[in-house]
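Okay, structure first, notes after.
Please treat every number below as a calculation from the coordinates, not as lab data. This one's a predicted model, so the numbers in the text were calculated from it and none came from an experiment. Here Cβ is always computed from backbone atoms with ideal geometry, including for glycine, and neighbour counts include all displayed protein chains.
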Amino acid sequence: MGFYLLALVVSDIPTFIKQQNSPYYKALGASGGTSAMVFASIVLMPLSDICLFGLLCLPGFLLGGFFLIYSYVKGKQGQDNINHDAHLYGAIFGIVCILFLSPGSAIMFLEQLKSYRPF
């Protein structure tokens, strides 16, 4: 629970700094913490499938990569009312934190990716 709460705070700091002079900006949610949890699990189990709506299932490292790119692009556009920056920074926090707590997981991650066969 400490990891999740810390991820919530850390993932919202960039948005707070970016929007601190915008009195009408409002944000509420826990998606940064959720993103951190998901990406920490992707580092530990990169080949495990993550399914979107039970229809499209991809290995975590692929879907995670797409999600990072999407969050970055949408965060730069800033055209909707979704805090994409919290998703991105939450994901980065999850990756960095799990690598800090378990440095050997980086080697295990790479070993698992080497064994990946799409078909």
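If neighbour count is taken as other Cβ atoms inside 10 Å, put Ser102, Ser71, Ser31, Ser41 in order from fewest to most. Walk me through the numbers on the way to the answer.
Numbers: Ser102 13, Ser71 23, Ser31 19, Ser41 16.
Least to most surrounded, the residues fall as Ser102, Ser41, Ser31, Ser71.
Taking Cα atoms only, the orientation of helix 31-44 departs from the longest principal axis of the chain by about 20 degrees.
With neighbours defined as other Cβ atoms within 10 Å of a residue's Cβ, the residues Cys97, Cys51 order from fewest to most as Cys51, Cys97. Loop-located trypsin sites (Lys or Arg not before Pro) across segment 1-76 with a Cβ neighbour count of 11 or fewer within 10 Å are Lys26, with loop assigned by DSSP. Other residues within the sphere of radius under 15 Å centred on the Cβ of Asp12, judged by their own Cβ, net out at +1 (K and R +1, D and E -1).
This ranking places Val10, Val73 by how few other beta-carbon atoms lie within 10 Å of each, fewest first, which gives Val73, Val10. Residues of segment 66-90 falling in the label zone of Phe53, defined by backbone nitrogen less than 18 Å from a point 7 Å along Cα to beta-carbon, are 67. Between the Cα long axis of helix 104-114 and the first principal axis of the chain there is an angle of about 60°, rounded to the nearest 10. Other residues with beta-carbon under 15 Å from the beta-carbon of Ser31 carry, at +1 per Lys or Arg and -1 per Asp or Glu, a net charge of -1. Between helix 2-19 and the chain, what is the angle of the helix's C-alpha long axis to the longest principal axis, kept within 0 to 90° and rounded to the nearest 10? Taking Cα atoms only, the helix is inclined about 50 degrees. Applying 0.36 nm per residue to the separation of Gln79 and Glu111 and subtracting their alpha-carbon distance, the gain on full extension is 7.6 nm.
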